[in-house]
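The values are calculated or read from the model by the stated rules, or taken from the named source; none is laboratory data. Here the structure is a predicted model, which is why all the values come from computation and not from measurement. In this analysis, Cβ positions are derived from the backbone assuming ideal geometry, glycine residues included, and neighbour counts consider all displayed protein chains.
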Amino acid sequence: MKKTTNNPLSLLIKGLLLENPVFVLVLGTCPTLAVTTGVKGAVGMGIAATLVLICSNIVISLLKKIIPDTVRIPSYIIVIAGFVTVVQMIMQALPALKSIYELLGVYLPLITVNCIILGRAEMFANKNTVKDSALDGVGMGLGFTAALISMALIREVLGKASFFDIPLTFLEPYKISFLAQPPGGFFVFGVLIAIVNVITKGKAPFKKDFSCEGCPSAALCHGKCGEGEEKEARE
């Protein structure tokens, strides 16, 4: 495997904008839309996912030479599930976090199959050093958390006239209840994706390197993913 040198600063900041997991890679959409009705839930989900992402990246990077390719995806899920369980137990044990634990509900254990965490394990931690994998986890976690908070701020402040469940009475007459509802979530999500696309000018680095390399099924089709489509096009 060819070793590449990664800029530590680049690993930390790329998840915030150019490779933001929510607004650029469009991963983790389900929990993003579900927990962003309030800032409290967004912060809780962001921190929980970031902790799991960092820890799982480190462990998977350490074990990348031991885990057989044939079972790597199930192995990643087991590692991730272990850290999710630890986070759940901590949140249940600490009274200060109990309300956030109840607020997140089923979306907390579903971090186990979050595409962002599984995707970084497959695309990055499986191919890089422990240090770089940890930095990648921090960067992507910050990007995910920032995306959740930005959506939650719009939806809670403008949609509910509140902040962290604290009523903002001066905004009550002007609140747009639609934003706090599921359709409003999709609307805010789409608007923010468009804004990020304009800022980055649609030139996210990952688009240049898109290939079958990161696909969990690539080994099964022996690198011939596009042959069927090419054949259909010829016919």
Does residue 74 fit the bill of being more than 16 Å from residue 33 (Cβ to Cβ) and either modelled with pLDDT of 90 or more or not assigned by TED's automatic domain parsing to the domain that holds residue 55 (or both)?
-> yes
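Inspect all residues belonging to segment 90-104 and state whether any of them is β-branched (Val, Ile, Thr), out of contact with any Asp or Glu (no Cβ under 7 Å at 6 or more places or on another chain) and over 20 Å from residue 138 (Cβ atoms).
Checking segment 90-104: at least one residue is β-branched (Val, Ile, Thr), out of contact with any Asp or Glu (no Cβ under 7 Å at 6 or more places or on another chain) and over 20 Å from residue 138 (Cβ atoms).
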Name the residue, out of 186, 178, 170, that is in the same structural domain as residue 154 (by TED's automatic domain parsing), more than 21 Å from residue 117 (Cα to Cα), at pLDDT 90 or above and under 21 Å from the mean Cα position of the chain (by Cα).
-> 186
If you check every pair at least six apart or on different chains, which have Cβ atoms under 6 Å apart with a residue in segment 117-132 that is closer than 22 Å to residue 26 by Cβ first and a residue that is part of a helix (DSSP H, G or I) and modelled with pLDDT under 90 second?
-> 122/214; 123/214
